[in-house]
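The values are calculated or read from the model by the stated rules, or taken from the named source; none is laboratory data. Source: prediction; values computed, not measured. Neighbour counts are summed over all protein chains in view; Cβ atoms, including those assigned to glycine, are modelled from backbone coordinates with ideal geometry. The accessibility values were calculated without ligands, DNA or RNA, using every heavy atom of the protein model including side chains. Shrake-Rupley method; radii C 1.70, N 1.55, O 1.52, S 1.80 Å.
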Amino acid sequence: MSIPIYTVFARALRKRQTKAEKTMWTILRNRRFHSYKFLRQYPIIIESTENQKIFYIADFFCHELKLDVEIDGDIHLNQKEYDQQRDKAMESLGLQVLRISNDIVQINYKEAIKLIENFLPKP
């Protein structure tokens with residue numbers, strides 16, 4: 001039995017994280033962020049038809065919060081339409097998408113943490 005392509009792709013992305021992604025993973029891993037479990041480079045299957053799966057890879061995903069945290073580098077400046085389509089697909093599954101720029105993470109990671117905290121349940 002072969003490994004699904006989305007698993008292969010996610011593993012490859014984990015091996016070549018950006019500096020900003022490494023910083024965020026240090027903050028989010030092992031339930032360090034308010035005891036919530038985050039997974040990195042997590043495949044989310046949107047649709048499956050005739051042995052074809054449509055999938056997206058979430059940079060950081062929390063099942064409990066139904067939150068996809070995307071760390072966006074310069075490449076996202078040239079793919080805004082794709083990102084909007086992707087975000088709509090994720091939202092159609094009841095997921096929330098938070099996009100944070102690499103610059104915010106690298107310059108002031110505490111600001112990135114505050115942005116994620118906005119998605120925590122209110123007491």
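Of everything listed in (1) surrounded by fewer than 16 Cβ atoms within 10 Å (Cβ to Cβ); (2) more than 14 Å from the chain's Cα centre (by Cα), the single unmet condition for Glu91 is (2). Among residues of the range 112-123 that are in contact (Cβ under 8 Å) with a residue 24 or more places away in the chain and under 17 Å from Asp72 (Cβ atoms), those with a beta-carbon under 6 Å from a residue that is hydrophobic (A, V, I, L, M, F, W, C) and open to solvent by less than 50 Å² (accessible area, probe 1.4 Å) at least six positions away or on a different chain give the pairs Ala112/Ile100; Ala112/Ile104; Ala112/Val105; Phe119/Leu65; Phe119/Leu67.
In the range 9-37, what count of residues is obtained for those that are in a helix (DSSP H, G or I) and open to solvent by less than 70 Å² (accessible area, probe 1.4 Å)? Step through it out loud before you land on a result.
Within the range 9-37, the first condition is being in a helix (DSSP H, G or I), and the residues that meet it are 9-15, 19-31.
Cutting the leftovers down to open to solvent by less than 70 Å² (accessible area, probe 1.4 Å) gives us 10, 12-13, 20-21, 23-25, 27-28.
The total comes to 10.
In the condition set (1) touching a Cys at 6+ places or on another chain (Cβ under 6 Å); (2) more than 20 Å from Ser101 (Cβ to Cβ), Arg31 is compliant with all but (1).
Need a quick list: helices (runs of 4 or more DSSP H) entirely within the range 66-123 having at least 3 residues that are within 22 Å of Arg32 (Cβ to Cβ).
Working: elements: 80-92, 102-107, 109-117.
Qualifying helices (runs of 4 or more DSSP H): 102-107, 109-117.
Can you tell me which residue in the range 50-88 is least open to solvent (accessible area, probe 1.4 Å), limited to those that are over 18 Å from Leu13 (Cβ atoms) and at pLDDT 95 or above? If we take residues in the range 50-88 being over 18 Å from Leu13 (Cβ atoms) and at pLDDT 95 or above, then Leu67 is least open to solvent (accessible area, probe 1.4 Å). Taking the conditions (1) in contact with a Lys or Arg (Cβ under 9 Å, 6 or more places away or on another chain); (2) basic (Lys, Arg); (3) open to solvent by less than 70 Å² (accessible area, probe 1.4 Å); (4) part of a helix (DSSP H, G or I) in turn, Arg40 satisfies each one other than (4). Can you name the condition, by its number, that Ile45 falls short on among (1) surrounded by fewer than 18 Cβ atoms within 10 Å (Cβ to Cβ); (2) touching a Phe, Trp or Tyr at 6+ places or on another chain (Cβ under 9 Å); (3) in a helix (DSSP H, G or I); (4) without any contact (Cβ under 8 Å) to a residue 60 or more places away in the chain? The one condition Ile45 does not meet is (3).
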